[in-house]
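For reference, the structure is listed below as structure tokens.
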């Protein structure tokens, strides 16, 4: 999150205690969310920069993604580390999505957005399905909010998070494995 020291913006790094994760076997998908999935088409890594731009929209409350952060994540994407899950309308409009960084069996979610009801939730469901199918073990969402808690997000102590993180990053690349075996 960019902060100011009075003279310039300073990039801050956060390591919250406790840390919030979404257990891959613990996502709560309501009946209405299952129905919402039919309204959308899911794609992976086809509009990364557009997803980041959606997450960085100036009208979003708590906006923290500036041009430098967007550029850095764009580079990570081109290097194969950062990925997007995109929710598209059937008429071809990008209506929601999320992005994050994948390392081994870890996916560290950074931000999500929606332009239509449930579009970001549908992207999250698709991400969880992809991670489960590929053998990933950890979906880091950083902070628990009431909204994320309703989807199954739980908090871990720093010690437990670091234990799970160490295990996850030592695993084979789950993101690439999933793309080799589409659902």
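The values are calculated or read from the model by the stated rules, or taken from the named source; none is laboratory data. The model shown is predicted, which means the values in this text are computed figures rather than measured ones. Every residue, glycine among them, receives a Cβ derived from its backbone with ideal geometry; neighbour counts consider all protein chains shown.
For segment 131-141, residues that are surrounded by fewer than 21 Cβ atoms within 10 Å (Cβ to Cβ) and in contact with a strand residue (DSSP E or B) (Cβ under 6 Å, 6 or more places away or on another chain) total 1. Is at least one residue of segment 26-44 more than 16 Å from residue 123 (Cβ to Cβ) and part of a loop (DSSP other than H, G, I, E, B)? Yes, because at least one residue in segment 26-44 is more than 16 Å from residue 123 (Cβ to Cβ) and part of a loop (DSSP other than H, G, I, E, B). Going through (1) in a loop (DSSP other than H, G, I, E, B); (2) free of Cβ contacts under 8 Å to residues at least 60 places away in the same chain; (3) out of contact with any strand residue (DSSP E or B) (no Cβ under 7 Å at 6 or more places or on another chain) one by one, residue 72 falls short only on (1). Only residues that are loosely packed, with under 15 Cβ neighbours inside 10 Å, in contact with a helix residue (DSSP H, G or I) (Cβ under 9 Å, 6 or more places away or on another chain) and not in a loop (DSSP other than H, G, I, E, B) were counted across segment 50-69, and they come to 1.
Being in a helix (DSSP H, G or I) and either touching a helix residue (DSSP H, G or I) at 6+ places or on another chain (Cβ under 9 Å) or at pLDDT 95 or above (or both) holds for only one residue in 108, 168, and it is 168. Residues satisfying the criterion are absent from segment 119-130 (criterion: surrounded by fewer than 17 Cβ atoms within 10 Å (Cβ to Cβ), in contact with a strand residue (DSSP E or B) (Cβ under 6 Å, 6 or more places away or on another chain) and either touching a residue at least 24 places away in the same chain (Cβ under 8 Å) or assigned to a loop (DSSP other than H, G, I, E, B) (or both)).
Counting only residues that are in contact (Cβ under 8 Å) with a residue 12 or more places away in the chain and surrounded by fewer than 20 Cβ atoms within 10 Å (Cβ to Cβ), segment 157-167 holds 4 of them.
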